[in-house]
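To keep things clear, I will list the structure first and then write my remarks on it.
The values are calculated or read from the model by the stated rules, or taken from the named source; none is laboratory data. It should be emphasised that the depicted structure is a prediction, and the values quoted were computed from it without experimental measurement. In this analysis, Cβ positions are derived from the backbone assuming ideal geometry, glycine residues included, and neighbour counts consider all displayed protein chains. Surface accessibility is based on the protein's heavy atoms, side chains included, excluding ligands, DNA and RNA. Shrake-Rupley method; radii C 1.70, N 1.55, O 1.52, S 1.80 Å.
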Amino acid sequence: MYSKDEIARIKDLGLVLQAYSNRWIHYEGESLRRKYGVENVDRILPMRDLLDAGIHVALATDNVPPSMFDPIWHVVARKTAESDDPLGSTQALSRMEALACATREGAWLSFEEDVKGTLEPGKYADLAIFSDDLLTMPENDIPNVTSVLTMTGGRIVHDTLNA
C-alpha cells in the first residue's frame, strides 16, 4: 500500500522498485480488499500511479510462477485468485507498459540499462518470440503464453520452432 505522499518520496529518493504482483494482487488481493476496504484498493500495488510518477518498476516472479507472463497478466487484469472483480482497476497497466516492466525496467533494477532491456545498437540481443500475440490475445489467456524462441546475447538458447 503506497500513499500519494509515499510515491512522491520514492520518486524524490530516486528508488527503483520491484513489484511482486503474484503475492499482492493475485494471492492476497482479496484479503487486502477486506482488510483495507474497497475505497483503498487503488493503493494496493498502485502500478499506474508509480509509472505516472516516473518511477522505474520491474515485475518479478521470485520463480513462483517461473514465467513473467503471470505478473504481466496481474498488472493488466488486476484479478485475484478468488475473484474476477479487478483489484483497483484504475491502477491497471496497458499490455505494452506491463511488457516494459517485465523487460526494460528489469535492466534498470540491476543497473544494466546501458546494455540490456531494449533492442538497440550496442546492447545485448536478448529477445523472445512468443507463442501468441500478447497485445491482442484474450486478456485471461496471457498467463498461458510461452516463448517459442529465445535469444540471449545474440545466441539462440531456446528454440521450439526448429526443434
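Going by what's in this entry, would LEU32 be described as open to solvent by 10 Å² or more (accessible area, probe 1.4 Å), in contact (Cβ under 8 Å) with a residue 40 or more places away in the chain, among the aliphatic types (A, V, I, L, M) and more than 28 Å from THR118 (Cα to Cα)?
Details: open to solvent by 10 Å² or more (accessible area, probe 1.4 Å): yes; in contact (Cβ under 8 Å) with a residue 40 or more places away in the chain: yes; among the aliphatic types (A, V, I, L, M): yes; more than 28 Å from THR118 (Cα to Cα): yes.
Judged against the criteria, LEU32 is a match.
Can you work out which of the residues in the range 93-102 that are in contact (Cβ under 8 Å) with a residue 40 or more places away in the chain and open to solvent by 30 Å² or more (accessible area, probe 1.4 Å) is farthest from THR118 (Cα to Cα)?
In this case the residue turns out to be ARG95.
Out of the residues in the range 39-80 meeting the condition of being out of contact with any Leu (no Cβ under 9 Å at 6 or more places or on another chain), at pLDDT 95 or above and in a loop (DSSP other than H, G, I, E, B), tell me which one is least open to solvent (accessible area, probe 1.4 Å).
Ranking the candidates gives PRO46 first.
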